[in-house]
Each structure stands twice: as C-alpha cells, then as structure tokens.
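The block underneath contains the structure these notes are about, expressed in structure tokens.
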Amino acid sequence: MLPTVARVLDLDVMRRGLPQVVAGAGALERPVRWVHVSELPDVAGVLQGGELVLSTGIALPEDREGLARYVRELDEVGVAGLVIEFGRRYFDSLPKALVTAAERHGLPLIVLRRELRFVAVTEAVHALVVNAQLEQLRVSEAVHQVFNELAVEGAEPGEVVRQVARMAGAPVVLENLAHQVLAHETAGRPETELLEDWEKRSRGVHPQGRTGYDQRSGWLVTTVGARGQDWGRLVLIDEPVVLPPDTAHPHAMLLERGAATLALNRLVLRDRESLERQTHRTLLSGILTHALTVSEVSLRAQALGVPLEGRRLVGVVLRQRQGQIPAALEAQARLRDFTELAATAIRGGRLSALVGALDDEGVGVLIALGSQQDEHAALEAFAAALRKLVQEAARDGSAAPPVIAVGSSVGSVRDARRTLLEATQVADAALHDAPGGRAAAYYRLPDVRLRGLLHLLRDDARLQTYVERELGPLLAYDAEHGGQLVQMLRIYLEQGRNKSAAADAAHLSRPSFYDRLHKVERILGVDLDQVESCLSLHVALLALDAVRR
C-alpha cells in the first residue's frame, strides 16, 4: 500500500517541522502517490491526484473566494493533502476561509510551525512510494505464481476462495447471480457474522464495472465468468477505506486473478471428456445454437456413424436427481460417467444416436430411428438399460433413478433442435417430481407444469436476470426498509387478484393492504390491474421461489 498522509506526518523529517492538522483530520488515511512542491495558486491544473502538496503559501490568493476556489480545485483533482509552512506568508495561523474550505471538502490541511527543507521531505516520501511500488510488484508476482498453479492443478472453487482470503487477510465469498453463497472463507471471523442475511446485504452492493469498490460497505466485488457467460461474483469484505478518484483498490488485482482462475477452471472442467463424447457434444451444441448448418450436421454425423437423414429423430435429455451429485467439481466427474453410461445403454439397445453433455447437469441424446423401429419400444428398452447401469454403477446399489425426458419425434434434421429443446424443458421440469413416483419409463411434455419447469432453471442466469428485472426494485426496497411488499404482492396474486380476499389473507385492513399495493405499483412501475403485468410478476415470484430453494 502507498504511504498515507498520517504515515508521512509520522516521518522524522516531517516531525522536525512540528506538523499540526488544522482541517480534514478524518481523511488522514488517504494514500500519497507523490509529493509536489508549488506556490502556484492554480497548481491543480498540473496535478493528477494523490499528491501531497507542499507550499509556503506565499502566492495564495488574499480574498476569501480565491482561497475557497484554490481548495476546491485541489479537492476536485484528488490531492492527498495540503501542507503549508509558516514563516514566509503566514506566521501563527492560516486564513479562516482557507481552513473552513478545507474542512468542508474533507481535505487534510497541515501547517508546519518550524521551517523545513522541502527537498528532504520529497526524498523521504518518494523513497516510501518507490518501496511500496516494489512491494506491489513482489505481491503481484506472488499472486500470479499462486493462481497459475491453482489453474494448472484445476483447484476446486473452495481452494481458490481460500487462497484469495489468505493473501488478502479478509473474508471472501463466491456467490451466484441470485446472490446465493457457493463458497466462502471467513478469514477468522465468525461465520454467522459473514453469512447472516447474505442475500439482503449483497443486493444492496452493486458497484460500477466488472470490478468495483463500494466504500460504504467496504466490499470489493468482481464478476466471475468467461466467454461472455457471467455466472457469479467474487466478494472481498474488509474495513471501508477512502480511495482517491481513479485509484484501484489494493486487492483489486488479487480478486480479479482469483475470479479468472475460477472461470478458467470451470471451462477446463467441461472439456474433460472422451474425444468421442466431445465430438458428439459439439454436434448437439451446433444443433441447439444454430452454429452448424443442417448439411454440416448431417455430414459430420454420418462420418461419426450416426446417419440422421431419412430417419425419425427423437430428442432425449437425461438429468441426475438432486442428492446424487455432492460437490461442484465432483459433479463434473459424475456427469462424465453418466454420459458414458448413456452411450453404453444406446449401444446395448443397438440404437443409433448422438450422445453428449449439454451443460453442467444434463446429457443430451438424439436418437435416429429407422422406419421399422418402434419408437415406444426403443425408448422403453433404452430407459430400462440406463436405469440398470446406473444402479450397477452406484457403490451401494441404491442410486435414485435418473430423469429421462423425451421430446416429440421429428422427421428431418432441420427440426432436430425442436425435439431437443422440448426434451430439455421437460427434463428441467421433471426434476421437481418425486423420484419413483411414476410408473412410466420416461417423461413427455404433458407430464410437466410451470413450477417444475422453473425449479431447475433456477441456476440459469437468464432466469435470475428475469427475476431481477421484474422484482429487483421491490426486493431491494424490502431489504433496505425491512418491508414485506414482496409478500403482499404474492398474496394478492395467489388470491386471484381479489383485493378483498387478499387483505383478509394478509390479516390487514383493506385500506392498509390497498396502500401497500399502490406502493408496489410505484416501486415497480406497473399497473396491477393489467392481467399481463400480473402474469409476468406471478411467474417471476414462482421463479424467485425456485431460485431460493
């Protein structure tokens, strides 16, 4: 860290001048980037911020407005402080206008009651600054070495978070876009103190940019993500400090390197598959994202031994139920094994299909059926084979059956995306269903409802963004004022927009309940008499429940 104004005043060379703080005593922790000696009344024009200005005051304005302007310009440019030596212009006190202006702007104003050699001051302070810069380079080198090793080793998120906290000496939290804690390190603080009301506190901190510092809370925050896909925030929590304009937080580089390692390891993890599975996954992804043309998909699939042209195509998505996957990184290994089991079941049933991971939680299968193959019989046989393989692979033989979701069959490669998307939606929703509660071997579209669909989509950044867009201002208001407006809105919608029934359900008088609804409308900028607005808000509330579950 750069030396602060207080540190500079404690130097022997400064103490010889008998320094006295006459204004801005609350800002003595400002870092000093450089020392500048000047008698010019318009010196602010040549400064860049962070300087400690030394002056005898000999050329300062005499009028009150001129002194106030001088201080204002120094403050606007972001100087660390102003030191004036007695003996040339001022002898035992400074003009009241100068002191008042400095106090108003919170600018440290120091007088030297004994004459000093300014060159000795600049030499001493610049030595501290250079040493701080060298220390920063050493720290930077250490940070890069540590996180390069973590990236190469594929360290778990918890280990990355621990290293950031250890090097910063402060608590660190990794959260998702819904402000839910994924990993944390307390750095010696009580865990309850760190995590209590986390969502509420986190929603109130949103600094500008991908990396930003909130001086009110002392939170340094950086976004975690890669390839345009942000999936979380890394938060360092320390005592609040005052930073000069355009000055980065001392731990900004450390936090950003930690976030980059988290993002990189997540990407690398996705690629630890067999070459065959990678190729299949690329084709499935190309179908879903339109990255490949129909002819390219057909040609590459044919080369893989999976002819798609002239076949009936059925999209299947496989998910493992909650409780089968313990930790985030172990989940990736389980997913790879699950993908191989699915491929084995396909081969055992003598079916032709593309099989590959679709995301961090599911496996996609595009089955190509011949004209003589019965769709239901083929799917039944595949489902039975997969369930048997999953049971055999489980150590205790009691694994919960996976979710097998099937889309509508289509007759061309051009429509393959539709059957895969339908199967994805069915699978996501079906996870909300109780395991073992179905007699059928697999799920299809008529079997799912809206709540089930939103249940697994809770980890999707798009759903979280939708919730924030629809309900964010109301959630922030409740968090800041300890209100229950979200609950009032929920009751109103669950009562079919019947205000009288909703007031009774909320145990409030009708005028009080109506007043709360009006406040909801003002905060969200919506009209609760409009059906479409209420429908959108109701879906957002259901999604919020899924996100928080």
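The values are calculated or read from the model by the stated rules, or taken from the named source; none is laboratory data. Just so it is clear, the model here is predicted, and its values are computed rather than measured. A quick note on method: Cβ atoms are made from the backbone with ideal geometry, for glycine too, and the neighbour counts reach across all protein chains shown. Note: areas computed on protein heavy atoms with side chains; ligands, DNA, RNA excluded. Shrake-Rupley method; radii C 1.70, N 1.55, O 1.52, S 1.80 Å.
The distance linking segment 374-394 with segment 454-512 is 43 Å (Cα centroid to Cα centroid, whole angstrom).
Its Cα gyration tensor gives segment 85-236 an equivalent ellipsoid; the semi-axes, largest first and in whole Å, are 43, 23, 14.
With a cut-off of 11 Å between beta carbons, the residues surrounding R203 carry a summed charge of -4, where Lys and Arg count +1 and Asp and Glu -1. Compared with the alpha-carbon gap, the fully stretched path from R522 to R548 is longer by 6.8 nm at 0.36 nm per residue. Rolling a 1.4 Å probe over the heavy atoms of the protein chains gives the chain an accessible area of 49 Å² per residue. Charged side chains reduced to their Cβ positions (Lys and Arg at +1, Asp and Glu at -1) give the chain a dipole of some 880 debye around its Cα centre. Going by the alpha-carbon gyration tensor, a ≥ b ≥ c the square roots of its eigenvalues, is segment 155-236 rounded (a/c under 1.5) or, if a/c is not under 1.5, prolate (a/b greater than b/c) versus oblate? In terms of gyration-tensor shape, rounded. Out of every Cα-Cα pair that the chain contains, those further apart than 42 angstrom amount to 44 percent.
Per residue, how big is the convex hull around the C-alpha atoms of segment 191-251? Give it to me in cubic angstrom, could you? Could the numbers behind the result be given before it?
Numbers: hull volume 6.5 nm³, N = 61.
Convex hull volume per residue, Cα atoms: 106 Å³.
Computed from phi, the 3J(HN,Hα) profile of segment 50-66 under the Karplus parametrisation 6.51, -1.76, 1.60 (θ = phi - 60°) reads x, 7, 9, 8, 10, 7, 8, x, 5, 10, 5, x, 8, 7, 4, 5, x Hz, with x in place of Gly and Pro. Annotation: peptides 461-473, 509-521, ranked by per-residue average of other Cβ atoms within 10 Å with the highest first, follow the order 461-473, 509-521. If you model segment 1-99 as an ellipsoid using its alpha carbon gyration tensor, with each semi-axis the square root of five times an eigenvalue, the axes come out at 20, 17, 12 Å, biggest first. Couplings 3J(HN,Hα) for segment 187-203, derived from phi with the Karplus relation 6.51 cos²θ - 1.76 cosθ + 1.60 (θ = phi - 60°), are 6, x, 7, x, 5, 5, 5, 6, 9, 4, 6, 4, 4, 4, 5, 5, 5 Hz, where x marks Gly and Pro.
In straight-distance terms, cross-link reach from K519 covers every one of the lysines whose alpha-carbon lies under 23 Å from its own, apart from those fewer than eight places away in the same chain; here that gives K200, K499. A simple spin-label model places the labels of L18 and L299 8.9 nm from each other, with each point 7 Å out along Cα-to-Cβ.
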